[in-house]
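Everything on this sheet refers to the single structure shown next.
The values are calculated or read from the model by the stated rules, or taken from the named source; none is laboratory data. What you see is a predicted model, and the numbers here were worked out from it, not measured in a lab. Note that each Cβ is placed from the backbone with ideal geometry, even for glycine, and that neighbours are counted across all protein chains shown.
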Amino acid sequence: MTPSPQPTVMPRRLTPRSIIARGALLITAIFLLIALLIRAALLIQGRHDIAWNLSLLGSFGFGFWYDLLAAGYAVVPWFLLTLLLPPALWRSRAAPWVVSFLLLPYAVVFVFIGVAEWFFWDEFQVRFNFIAVDYLVFTQEVIDNIQQSYPMPLIYAGLALAGSAVVWMTWRVGAVRWVCAGDSAWKLRILPVLGIALVVVGASCLFSQSQLPRFSNEFNRELAKDGPYAFCAAFWESEIDYERFYLKQDTDKALVRAKELLTLSDTPPASPDPRDLRRVIKHEGPEKRHNIVFVSVESLSAAFMSHFKVNFKMRSYLTPNLDRLADEGILFTNLYATGTRTVRGLEALTLSVPPTPGQSIVWRPMNTNLFTSGSVCRSRGYDVSYLYGGDAMFDNMRTYFSRNNYRVIDRGTKPKSEITFQNAWGVADEDLFRWALQEADTNHAANKPFFMHVMTVSNHRPFTFPENRIDMPQGSRDAAVKYTDWCIGDFLEKAKSKPWFANTIFVIVADHCHGSAGKVELDVTKYHIPCIIWNPQLIQPRSYDRLCSQIDMVPTLFGMMNWSYTTRNFGQDVFSPGYTPDKERIYVSNYQKIAYITQGDFAMLKPKQESTLGRVDLKAGTITPDKSGTLQSRLDDTISLYQSASWLFRNGHLGAETDKP
């Protein structure tokens, strides 16, 4: 890079005197320009979902404000680095090269953020959020995933060229020389550092992303965010105190109402204590001692199965095995996941509790020896295990399941000879199901009933798997769905030849859908998932079409097995006589937003004691706001249930219960 001729230096009286302040202004200008280009690019990418109206002025106006706040944080490293360099260096002929050297990583990082935001929006249709924070914790998996999904050498080269181009432009317009023409005295360099420190601290205290106003179209609101600022906000707000940020009632009043809502005609309270939400599950006759294989499938939206007639012509060929199993077993057609991440699905399927704000309980402290599906089985002498195709340290799975007395089997526990194919996220699903067959064989040989929770990974980017399994090329979501479907069919076909098959119930259920964003604040169509309970020798085929939640699947399964126990969970046996139409309800969430839906009524709680009430169309996902005020009772019920669930966990009332009634 060859410096261009020196430009005319602007009069000092019109510009900052300090070299450090001038550099900060240059970095801020670069950041704001790239942020503007990112926002414009995302506008083009989301053009079919964005509302093209005057609210776009708000998207760009508020966006500029949050870009400016983010720029205040971005210049902090510049202040610290330049403060440490001696004045003699700034007065030397090398000063322009030093400035350029310091600007280059800034330019590369800014461009990298833009590229990352493009791909993140492409995957999730939002700016950086909790998902980005969670994934950054597990750097190795994310790096491997990126390397296997995208042509990284070309991207790295492109980033380097783009960053160099930005620095070259600063040379061409004379900005670098302008910076170096500033005064390098220590006094003038220290004062801006103190000033920016006050600005950053003040901005942190006075401004937050939650102050961004609501938009009629959520995509427009997402566009108004700044990616790095949104990332930091998500990091700091991952743990949300319900009592502080959400609408609430008197604790005892909330618990009493929650107890009324949870109690069915055939599940009486365990005690008269208003703070004791346990219920007695009682069945007449002997319990069935079936083995249980519980398969939670990565990102299996209901839309992928032809039974649900969503994009039928396009996707009817993706799940031939699951569609056949649906005809041979019990298919739940009106089932909804509680969240948008695997850890939410695991929380719902193991704990059967609503999705309280913030992170899943799988991630939180005090998640040891809880009342889980595994603890109910273990109290009956079952071997309880969790099988995962990836590394179970991801998403805190190993810690959570081992703390709750599951045996954890993952990629790290298996020798290389047991792995035929793997990518960033784990082994191929066929390897995972082979491990499941081995575990079942071992338990059967030991005359031990088993509860096995199997979590698949192949339906995850980079969507790669062994060759010659399906008639589609690798690398797409649809191909990964079809491969996982093939693996499930192959697994069950092999299981049929096993001596334990005749006494084993198989449950196949999604952990969440493959997408989460929509045009409304919380799009319920993005939570619609399938569940199949199957074994032709034990299960009579039927379709269950009533509304139910992911948290109901384990209680329903235990009810089918005639089990009696005292439950601490919020899930219901949807086949019980007490689960009448007026008791049908679902819980859905998106980290900060938590909703309760029953009989078409939609009540959502949000931070800052805000709420949304209306009537929801579950098929279309549209919400008609309640302007009459008739849904206040639904809002009260929503507060009672979520406040109680949060209170129970925080106060240690979700511990394992092993005594039968």
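Which residues, counting only those in segment 20-58, are part of a helix (DSSP H, G or I), small (Gly, Ala, Ser) and either under 20 Å from Ile113 (Cα atoms) or touching a Lys or Arg at 6+ places or on another chain (Cβ under 8 Å) (or both)?
Across segment 20-58, the qualifying residues are Ala24, Ala29, Ala35, Ala40, Ala41.
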Can you name the residue in segment 46-70 that is at pLDDT below 90 and charged (D, E, K, R) and, of all such residues, is farthest from the chain's Cα centre (by Cα)? Arg47
Mind checking which residues of segment 354-413 are of a type in the set (Val, Ile, Thr) and farther than 26 Å from Ala424 by Cα? Thr356, Thr368, Thr372, Val376, Val384
Would you check if there is a residue in segment 549-567 being in contact (Cβ under 8 Å) with a residue 60 or more places away in the chain, among the polar types (S, T, N, Q), buried (at least 22 other Cβ atoms within 10 Å of the Cβ) and assigned to a loop (DSSP other than H, G, I, E, B)? no
Enumeration of residues in segment 36-92 that are surrounded by fewer than 18 Cβ atoms within 10 Å (Cβ to Cβ), of a type in the set (Phe, Trp, Tyr) and farther than 17 Å from Gly227 by Cβ: Trp52
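Condition test on Asp327, is it in contact (Cβ under 8 Å) with a residue 40 or more places away in the chain, surrounded by fewer than 23 Cβ atoms within 10 Å (Cβ to Cβ) and more than 30 Å from Asn443 (Cβ to Cβ)?
So Asp327 fails the test.
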With the requirement that a residue be surrounded by fewer than 17 Cβ atoms within 10 Å (Cβ to Cβ), closer than 18 Å to Ser640 by Cα and not acidic (Asp, Glu), what does segment 594-610 give you? Gln599, Lys608, Gln609
Name the single residue, out of those in segment 255-291 being more than 13 Å from Thr567 (Cβ to Cβ) and touching a His at 6+ places or on another chain (Cβ under 9 Å), that is modelled with the highest pLDDT. Asn291
Give the residue that is modelled with the highest pLDDT, with candidates limited to residues of segment 219-250 that are in a loop (DSSP other than H, G, I, E, B), crowded, with 17+ Cβ neighbours inside 10 Å and among the charged types (D, E, K, R). Lys248
Pick out the one residue from Leu370, Leu437, Leu432 that is closer than 19 Å to His290 by Cα and either touching a Leu at 6+ places or on another chain (Cβ under 6 Å) or not aromatic (Phe, Trp, Tyr) (or both). Leu437
Residues in segment 85-115 that are without any contact (Cβ under 8 Å) to a residue 60 or more places away in the chain and under 30 Å from Arg127 (Cβ atoms): how many? 5
Residue by residue through segment 392-434, note down the ones that are closer than 26 Å to Lys482 by Cα, aromatic (Phe, Trp, Tyr) and within 19 Å of the chain's Cα centre (by Cα). Phe394, Trp425
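To keep it simple, each residue is scored yes or no on (1) surrounded by fewer than 19 Cβ atoms within 10 Å (Cβ to Cβ); (2) in contact with a Gly (Cβ under 9 Å, 6 or more places away or on another chain); (3) closer than 30 Å to Pro625 by Cα; (4) in contact (Cβ under 8 Å) with a residue 40 or more places away in the chain.
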site	(1), (2), (3), (4)
His460	no, yes, no, yes
Pro473	yes, no, no, no
Tyr483	no, no, no, yes
Lys498	yes, no, no, yes
Ala502	yes, no, no, no
Thr525	no, yes, yes, yes
Ile529	no, yes, yes, yes
Pro536	yes, yes, no, yes
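Of the residues Val343, Val376, Val362, Val353, only one is without any contact (Cβ under 8 Å) to a residue 40 or more places away in the chain and either aliphatic (A, V, I, L, M) or over 16 Å from Cys531 (Cα atoms) (or both); which?
Going through Val343, Val376, Val362, Val353 in turn, just one is without any contact (Cβ under 8 Å) to a residue 40 or more places away in the chain and either aliphatic (A, V, I, L, M) or over 16 Å from Cys531 (Cα atoms) (or both): Val362.
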Pull up segment 149-175, narrow it to residues that are surrounded by fewer than 18 Cβ atoms within 10 Å (Cβ to Cβ) and either within 19 Å of Met393 (Cβ to Cβ) or of a type in the set (Val, Ile, Thr) (or both), then point me to the one that is modelled with the highest pLDDT. Val173
Looking at Gly381, is it closer than 29 Å to Ser564 by Cα, surrounded by fewer than 24 Cβ atoms within 10 Å (Cβ to Cβ) and in the same structural domain as Leu300 (by TED's automatic domain parsing)? yes
All but one of (1) within 15 Å of the chain's Cα centre (by Cα); (2) on the phi > 0 side of the Ramachandran plot hold for Ser352; state the number of the condition that does not hold. (1)
How about segment 314-354: which of its residues are under 18 Å from Ser299 (Cα atoms) and assigned to a loop (DSSP other than H, G, I, E, B)? Ser316, Tyr317, Leu318, Thr319, Ala337, Thr338, Gly339, Thr340, Arg341
Mind telling me which of the residues Thr338, Thr413, Thr368 ends up being among the β-branched types (Val, Ile, Thr) and out of contact with any Lys or Arg (no Cβ under 6 Å at 6 or more places or on another chain)? Thr413
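Determine, yes or no, whether Thr267 is among the polar types (S, T, N, Q) and under 25 Å from Arg585 (Cβ atoms).
Yes, satisfied.
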Which residues, counting only those in segment 398-455, are of a type in the set (Phe, Trp, Tyr) and surrounded by fewer than 17 Cβ atoms within 10 Å (Cβ to Cβ)? Phe421
